[in-house]
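Worksheet: the structure to be examined is printed underneath.
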Amino acid sequence: MARFFKPLLGAVALAAATLTSTGAFAAYAYNAQVSITAPKGSTAEAAAKDKSKPTGIKLSTCAAKITSVTPNILNIDSLNFSVKYDAGKAPEELGDVYVLFENLNPTATNRYITVSRAAGLGAGTGLALGVATTAVNLHTLTPAPFLAATDNLGSGAQTELLFGSSLNLNGLDKGLWALHLIIAKPATTITAAGALTASAFSFGHPETWVAYDTAVFALGSPLPLDAVSVPAANAGLVDYAGAAALAGNTTGSLVCQ
């Protein structure tokens, strides 16, 4: 008889262990993690081995792509962006998942670019443009989530490589960038800045998030660059796609290309 009751007593003890001191079941263990790695052969991989370059963050150097001398130098500015998240399993636990890139230069025109499984990047534009999902003030953004709770199969922990491969960084402003991963509270709806309700989620209110993570990376420089033309010494440099020479190209000196 004692052996019969042991499994039952064990199950009761396990169920009791999930209760909080208030008698309610313990909150779901949400999780959000961001990872940035350097693809093999990229300028970021080379920079990681250079002791004169930053070691605390990933740096893509935005070096000139092809020189007019032989042999040609092919420098690819590319990074891998991965997100690992657990946004819930049961329907009442599921929260919307948001993924967004932020240009950390406060004077940048297009500072925020959100990523959505359903809508892609800014209504199909490239990451460097992101017209439909960029704004100077993040708190005015109400974009589609990367993964909506209504589209989540309740699989629990998931890991995804954004864009399905490494991302070419050409066209993005030089300087510091961040990749943010945020999981909203269940049963909330994104709202712009203003008064919050119990059913609201906002980028400007961390109390409406259940999990989040951020990783920072640098393009060309950890600081925003001055609007100056490329030095004459670089007159022989062109971008890898064969576009116009960089000499005297003010815009070209401020972006990865």
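The values are calculated or read from the model by the stated rules, or taken from the named source; none is laboratory data. Only a predicted model underlies this, so the values are computations on that prediction, with no experimental measurement involved. Areas reflect the complete protein model, heavy atoms only, side chains present, ligands, DNA and RNA absent. Shrake-Rupley method; radii C 1.70, N 1.55, O 1.52, S 1.80 Å.
When the Cα gyration tensor is reduced to axis lengths a ≥ b ≥ c, the ratio a/c is 1.5 or higher for the range 145-216, and with a/b not above b/c it is classed as oblate. Accessible surface calculations at 1.4 Å, restricted to protein heavy atoms, place the range 142-183 at 40 Å² per residue.
Using heavy atoms of the protein chains and a probe of 1.4 Å, the accessible area assigned to residue 45 is about 50 Å². Using the structure shown, list the pairs from 51/84; 58/174; 58/185 with a Cα-Cα distance above 20 Å, or answer none. Table pairs above 20 Å Cα-Cα are 51/84; 58/185.
Legend: residues 98, 28, sorted from most to least accessible area (1.4 Å probe; ligands, DNA and RNA excluded), read 28, 98.
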